[in-house]
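Engineer: Here's a structure for you.
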Amino acid sequence: MSLLGRSGGGPRRSAVGVELDDIQATVLRYRPEPYYGTHVMLHVDEAAAGRELLRRLAPYIDSAADWWQAGNAWTAVAISYPGLVSLGVPEDSLESFPETFRQGMAARSDALGDTGPNDPKRWDAPFGTGQIHIQLSIFSDDRAKWHRAMETARQQYQGLSGTAVLTIQDFGAQPGDRNPLGYKDLIGQPAIEGSGVEPLPGQGRPIKAGEFILGYPGEAGVPLLMPQPEVLGRNGTFVGVRKYQSRVGAFNRFLQANGQTEQERELLAAKLVGRWRSGAPLTLAPGQDDPGLGQDPQRNDDFTYAEDTHGRRVPFGAHMRRMNPRDTALAQLADVNLHRIIRRSTTYGVPYDAAALTEHDDESPHGIYFIFLGARAMDTIEFLQREWINNGNFMTLGDERDPVIGLQDEAGIFTIPEEPVRRRIHGLETFNVLRGGEYLFMPSLSALNWLAELSG
Amino acid sequence: MTTQQSNDTEQQAEKLRELFADAPEPVRTALENAIPDMQTRGSAPPLESAGRIGKRQGKVSELTMIAPVAPDATKRLRTLLEMLGGNFDGAEKVGTVHDMRFVFLDNDTKLLFATAYDGDWDDYISDFATKIPDLMDIVFSAIQGWPGIRDPSIKDFLVKYQIPADAWYVANPDLTVVETRRLQRVGKALDEFLDKIG
């Protein structure tokens, strides 16, 4: 999502209430359009070498100062719990990290509902093995700038004895920035109080900074518990990475089986997400696509569900309505502002092909490194997985699951409210299979220096 | 029943006979009478963990807490609960609470709180802190040392006093509060429809 609206100029500024020059850029800076980048997974064998690596990298890790201005490529760094251990972080400090983070995403598979095809036993190496210690991510809006930033990063880690590169994954460079299933994605990020920019139309009231950045009051009025010492925790946040393989063939077969014409298939694809593939929301464009609306950040998220209380535009089970119910009357008490996450998804592999229909297409490597950030990212993703993704109870949908990222069994159902009676589509498959995941900590720039200067 | 299952149930029966060997004779007879029934497996879903603590069968979990009562808090809470007369609007809104039980124990020095609820232990505790903090604090401030529902350490505080059940049985393990309400609405609508065509 770009902040620079077609129908507006630059973003409207507001007061800054957080230490932008200490917070990593990725926490606040939106993924650019177009986007190019790389994730590098590193392993630390020797504490001293790991700290040397952080020392070398630190000057190239970007802060969130002036994050709203499009600029150069930027580099982000995040560290797993085994990574903190391997860097020699003192025991009392390690113990101050949340239990879920210390266990790691693979060990939390029960809490996340990562079973069957999503079971960590089936993940791609090195995910879930405890080997991933440091993740570097480079983002850019330009191919040449991306290559330069990547070369700079490479010079810091390449051949550094006592550390090792595990995997390198390029991402982005997709025509129209579409995701693996052909949708424009990452519309509708949470607005953050004190971040320095006014919310976009429809973004809702700004959420307290402490929900996304450690050290500030959250929605309950008090800061969340944070890792100690304060220099380590403050201005940091937690990150989750989930690597999905998109089963494009299965998705296309599903559309073919349930839509007679191209128009019917596109409407069904829109009902699953709540937006046409162009990004235009069904609330504002219920009958047919409006690509101009989809492109316009000043308009494409500017709606509530006040006029759609029966779900006849956006079904209650649609991905977008599940992940951010806005003003939907929920069957269970929930604070919709507590379960928001910052998303920085990155698509990899060959672009979406509407003609891909075979099971072979399901396995060709393309998908998403879904990246989410928040001061309680582990709690949030575990809540979302249990309650809003692999469950339908909160929307009175029984056992229905999220049609895009849910784990479906043979009886997968999707309900589309219509007049006079609802339509239920059976045979929903798992369209995105989990192939890896990690919980990481994204330290502030001063925490990065603190880690680099550890002794012992 | 497979041979493996048959062997398992036979082993369980043997284990029970050993355990009850010291029991009075009528109890041992009762056990022998009951063993054939106990060997036919019911269709109840297996017991699972309700997350951090407690048990869950199907979609319904149990929570039992026994906590010391703050000085002078007994009278306040008891009178408040009497005035409410079973009318818990907050719990109604929560939409996951099947029942709640408040019992003062040991000369009113301890409070037993027990509830059956849908889902996992800590999914909604942060939501309570922002959506119904006053209701939570009014009731649970009766517990000695209650830090307040907004306190970031609240989950650890609650866990301290929770005692996981040894056994847990739910008659309709797949019926959440939400689903029960839906079925009531569907039943009513169906009756109205049948009244019209009948």
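The values are calculated or read from the model by the stated rules, or taken from the named source; none is laboratory data. Since this is a predicted model, take the numbers as computed values, not measurements. With ideal geometry, Cβ positions are generated from the backbone for all residues, glycine too; neighbour counts draw on all protein chains shown. Heads up: the accessible areas ignore ligands, DNA and RNA and are worked out on the full protein's heavy atoms, side chains in. Shrake-Rupley method; radii C 1.70, N 1.55, O 1.52, S 1.80 Å.
Engineer: Going through region A:172-215 one residue at a time, which ones are in contact with a helix residue (DSSP H, G or I) (Cβ under 8 Å, 6 or more places away or on another chain), under 18 Å from A:Asp22 (Cβ atoms) and surrounded by 23 or more Cβ atoms within 10 Å (Cβ to Cβ)?
Structural biologist: Selection gives A:Ile192, A:Ser195, A:Phe212, A:Ile213, A:Leu214.
Engineer: If we keep just the residues of region B:149-166 that are surrounded by fewer than 17 Cβ atoms within 10 Å (Cβ to Cβ) and within 9 Å of chain A (Cβ to nearest Cβ), which is nearest to B:Ala50 (Cα to Cα)?
Structural biologist: So the residue we want is B:Ser153.
For every residue, the table says whether it meets (1) at pLDDT below 95; (2) hydrophobic (A, V, I, L, M, F, W, C).
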{"position": "B:Val103", "(1), (2)": "no, yes"}
{"position": "B:Ala114", "(1), (2)": "no, yes"}
{"position": "B:Gly119", "(1), (2)": "yes, no"}
{"position": "B:Asp122", "(1), (2)": "yes, no"}
{"position": "B:Val170", "(1), (2)": "no, yes"}
{"position": "B:Glu179", "(1), (2)": "no, no"}
{"position": "B:Leu183", "(1), (2)": "no, yes"}
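Engineer: On to the next question. Just to be sure I understand, how many residues within region A:254-271 are within 20 Å of A:Ala356 (Cβ to Cβ) and touching a strand residue (DSSP E or B) at 6+ places or on another chain (Cβ under 7 Å)?
Structural biologist: Residues in region A:254-271 being within 20 Å of A:Ala356 (Cβ to Cβ) and touching a strand residue (DSSP E or B) at 6+ places or on another chain (Cβ under 7 Å): 1 in total.
Engineer: Now a separate question. Does region A:101-136 hold any residues that are open to solvent by 20 Å² or more (accessible area, probe 1.4 Å), β-branched (Val, Ile, Thr) and under 21 Å from the mean Cα position of the chain (by Cα), and which are they?
Structural biologist: If the condition is that a residue be open to solvent by 20 Å² or more (accessible area, probe 1.4 Å), β-branched (Val, Ile, Thr) and under 21 Å from the mean Cα position of the chain (by Cα), then A:Thr115 is the only one that fits.
Engineer: Hey, could you check region B:68-83 for residues that are free of Cβ contacts under 8 Å to residues at least 60 places away in the same chain and surrounded by 12 or more Cβ atoms within 10 Å (Cβ to Cβ) and say which is farthest from the other protein chains (Cβ to nearest Cβ)?
Structural biologist: Applying the filter and picking the extreme gives B:Arg78.
Engineer: Looking at region B:84-112, which of its residues are among the aromatic types (Phe, Trp, Tyr) and open to solvent by less than 20 Å² (accessible area, probe 1.4 Å)?
Structural biologist: Residues of region B:84-112 that are among the aromatic types (Phe, Trp, Tyr), as a first pass: B:88, B:102, B:104.
None - no residue of region B:84-112 is among the aromatic types (Phe, Trp, Tyr) and open to solvent by less than 20 Å² (accessible area, probe 1.4 Å), so the list stays empty.
Engineer: Looking at the structure I just gave you, is A:Leu282 in the same structural domain as A:Arg312 (by TED's automatic domain parsing), out of contact with any Cys (no Cβ under 8 Å at 6 or more places or on another chain), surrounded by fewer than 20 Cβ atoms within 10 Å (Cβ to Cβ) and at pLDDT 95 or above? So that I can check it myself, show each step before the final result.
Structural biologist: Details: in the same structural domain as A:Arg312 (by TED's automatic domain parsing): yes; out of contact with any Cys (no Cβ under 8 Å at 6 or more places or on another chain): yes; surrounded by fewer than 20 Cβ atoms within 10 Å (Cβ to Cβ): no; at pLDDT 95 or above: yes.
The answer is no for A:Leu282.
Engineer: Looking at B:Lys59, B:Lys55, which is the one that is within 14 Å of chain A (Cβ to nearest Cβ), in contact with an Asp or Glu (Cβ under 7 Å, 6 or more places away or on another chain) and buried (at least 16 other Cβ atoms within 10 Å of the Cβ)?
Structural biologist: Numbers: B:Lys55 fails: within 14 Å of chain A (Cβ to nearest Cβ).
Matching residue, one of B:Lys59, B:Lys55: B:Lys59.
Engineer: With A:Ala106, A:Ala70, A:Ala125 as the choices, which residue is touching a residue at least 60 places away in the same chain (Cβ under 8 Å), over 30 Å from A:Gly194 (Cα atoms) and outside any helix (DSSP H, G or I)?
Structural biologist: Numbers: A:Ala70 fails: over 30 Å from A:Gly194 (Cα atoms); A:Ala125 fails: touching a residue at least 60 places away in the same chain (Cβ under 8 Å).
After applying the criteria, what remains is A:Ala106.
Engineer: Of everything in region A:228-247, what is within 14 Å of another protein chain (Cβ to nearest Cβ) and surrounded by fewer than 24 Cβ atoms within 10 Å (Cβ to Cβ)? Give them in sequence order. Walk me through how you get there before you give the answer.
Structural biologist: Quick first cut of region A:228-247, residues within 14 Å of another protein chain (Cβ to nearest Cβ) only: A:228, A:233.
Residue satisfying the conditions is A:Gln228 alone.
Engineer: For residues in region A:427-456 being closer than 28 Å to A:Arg253 by Cβ and of a type in the set (D, E, K, R), which is surrounded by the fewest Cβ atoms within 10 Å (Cβ to Cβ)?
Structural biologist: Filtering region A:427-456 down to residues closer than 28 Å to A:Arg253 by Cβ leaves A:427-437.
The next check asks that each one be of a type in the set (D, E, K, R); those that pass are A:429, A:435.
Working: A:Glu429: 17, A:Arg435: 19.
Out of the qualifying residues, it is A:Glu429.
Engineer: Report yes if B:Ile132 is within 14 Å of chain A (Cβ to nearest Cβ), more than 17 Å from the chain's Cα centre (by Cα) and crowded, with 18+ Cβ neighbours inside 10 Å, otherwise no. Walk me through how you get there before you give the answer.
Structural biologist: Working: within 14 Å of chain A (Cβ to nearest Cβ): yes; more than 17 Å from the chain's Cα centre (by Cα): yes; crowded, with 18+ Cβ neighbours inside 10 Å: yes.
Yes.
Engineer: Is it true that A:Asp402 is in a loop (DSSP other than H, G, I, E, B), at pLDDT below 95 and within 22 Å of A:Ala257 (Cα to Cα)? Please lay out each step first, then the result.
Structural biologist: Numbers: in a loop (DSSP other than H, G, I, E, B): yes; at pLDDT below 95: no; within 22 Å of A:Ala257 (Cα to Cα): yes.
Criteria not met by A:Asp402.
Engineer: Take A:Phe139 and decide whether it is surrounded by 21 or more Cβ atoms within 10 Å (Cβ to Cβ), in a loop (DSSP other than H, G, I, E, B) and at pLDDT 95 or above. Explain how you work it out, then say what you get.
Structural biologist: Numbers: surrounded by 21 or more Cβ atoms within 10 Å (Cβ to Cβ): yes; in a loop (DSSP other than H, G, I, E, B): no; at pLDDT 95 or above: yes.
Taking the combined requirement at face value, the residue does not satisfy it.
Engineer: While we're here: Across region A:367-426, which residue is nearest to the chain's Cα centre (by Cα) among those that are surrounded by 21 or more Cβ atoms within 10 Å (Cβ to Cβ), without any contact (Cβ under 8 Å) to a residue 60 or more places away in the chain and within 12 Å of chain B (Cβ to nearest Cβ)?
Structural biologist: If we take residues in region A:367-426 being surrounded by 21 or more Cβ atoms within 10 Å (Cβ to Cβ), without any contact (Cβ under 8 Å) to a residue 60 or more places away in the chain and within 12 Å of chain B (Cβ to nearest Cβ), then A:Thr380 is nearest to the chain's Cα centre (by Cα).
Engineer: Oh, and also: Output the helices (runs of 4 or more DSSP H) that fall wholly within region A:239-357 and possess 3 or more residues being under 19 Å from A:Asn432 (Cα atoms), or say none.
Structural biologist: Numbers: elements: A:248-258, A:262-273, A:291-295, A:319-323.
Hits in region A:239-357: A:248-258, A:262-273, A:319-323.
Engineer: On the basis of being more than 10 Å from every other protein chain (Cβ to nearest Cβ), without any contact (Cβ under 8 Å) to a residue 40 or more places away in the chain and part of a strand (DSSP E or B), does B:Asp99 make the cut? Write out each step before concluding.
Structural biologist: Working: more than 10 Å from every other protein chain (Cβ to nearest Cβ): yes; without any contact (Cβ under 8 Å) to a residue 40 or more places away in the chain: yes; part of a strand (DSSP E or B): yes.
Here the answer is yes, as B:Asp99 does meet what is asked.
Engineer: While we're looking at this one, here's another question. Does B:Asp174 satisfy the criteria of being open to solvent by 80 Å² or more (accessible area, probe 1.4 Å), touching a strand residue (DSSP E or B) at 6+ places or on another chain (Cβ under 9 Å) and charged (D, E, K, R)?
Structural biologist: Judged against the criteria, B:Asp174 is a match.
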